[in-house]
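First comes the structure, then the notes that go with it.
Every number in this text was worked out from the coordinates using simple rules, so none of it is lab data. What you see is a predicted model, and the numbers here were worked out from it, not measured in a lab. No Cβ is skipped: glycine too gets one built from the backbone with ideal geometry, and neighbour counts run over all protein chains shown.
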Amino acid sequence: MAGVVILAVGVCAALAVPPLLAAAEAEPSSTDAAPPDAPATRVVSATPVPEPVRAPVDWDSFTVEQEMAISDRQTPQNLAINAVQEAFPDDYAYGYITDEGFGMSFKADAPPEALAILDAVGDPYELHENVGFTELDAQSQLNPAVDLVQAAVGTQGMMASVNVFTVTVEIELYPDSDDNDDPIVLDGGQLEQLADAIRPVLYPGFDVEITQVRGAQIGF
């Protein structure tokens, strides 16, 4: 029913447990550095956008006709969001559905052709320009963050997602989700230390939040 709001993956580490936080704090490889002659790239820092507040929907109370009416209203909005997403990957940040219409965010200025697609829907929409990142930029946050977490906690379940409204990588750890009799459980200071190790690899303007859920069993 909504556009791209949360980009999520579920991962389980499959490697032996290394020393706690050691790999997460390792010096970056020299091969990661840009070549001396590489042209300077303008860095645009990600900017949070207020998350729209939607009224709770009790789908069980709706009639078939009411559900069809909602679908008829939102289908053109979703099609427009998807069209912009596919046609403008270097500009598109994220789209979403609201109670009154829909919303669209762009890394920099919105391409006029993209606005024409949105205008053609005929519904009101919220436009956010210069949010500082694309959907691809947001997606690219996950792998390096997950790699550093796995290096710290080893074989245990986790969920990693990107909240595009708060521009935050959100990671939940589930230390009791595997067969390990002695799971690695981090205290508050260690969680913050791990977050500090992740922040330098994130896209400018993004932050990271790591939480731990004891006793949860998850499967993929």
note = Taking first residues from region 113-125 that are in contact (Cβ under 8 Å) with a residue 12 or more places away in the chain and second residues anywhere that are exposed (fewer than 15 other Cβ atoms within 10 Å of the Cβ) and outside any helix (DSSP H, G or I), the pairs with Cβ under 7 Å that are 6 or more apart or on different chains are PRO124/GLU100
task = Name every residue in region 133-185 that is farther than 15 Å from ILE210 by Cβ, in contact (Cβ under 8 Å) with a residue 24 or more places away in the chain and assigned to a helix (DSSP H, G or I), in order of residue number.
result = GLU135, LEU136, ASP137, ALA138, GLN139
request  = Return the total of residues in region 78-127 being of a type in the set (Ser, Thr, Tyr) and outside any strand (DSSP E or B).
outcome  = 1
note = Contact list, first residue from region 194-209 and closer than 15 Å to ALA151 by Cα, second anywhere and of a type in the set (D, E, K, R) and part of a helix (DSSP H, G or I), beta-carbon distance below 8 Å, six or more apart or interchain, is ALA197/GLU25
inquiry  = Of everything in region 83-98, what is farther than 21 Å from PRO52 by Cβ and either surrounded by 21 or more Cβ atoms within 10 Å (Cβ to Cβ) or not charged (D, E, K, R) (or both)? Give them in sequence order.
reply    = ALA87, PHE88, PRO89
inquiry  = All but one of (1) within 30 Å of PRO204 (Cβ to Cβ); (2) surrounded by 15 or more Cβ atoms within 10 Å (Cβ to Cβ) hold for GLY101; state the number of the condition that does not hold.
reply    = (1)
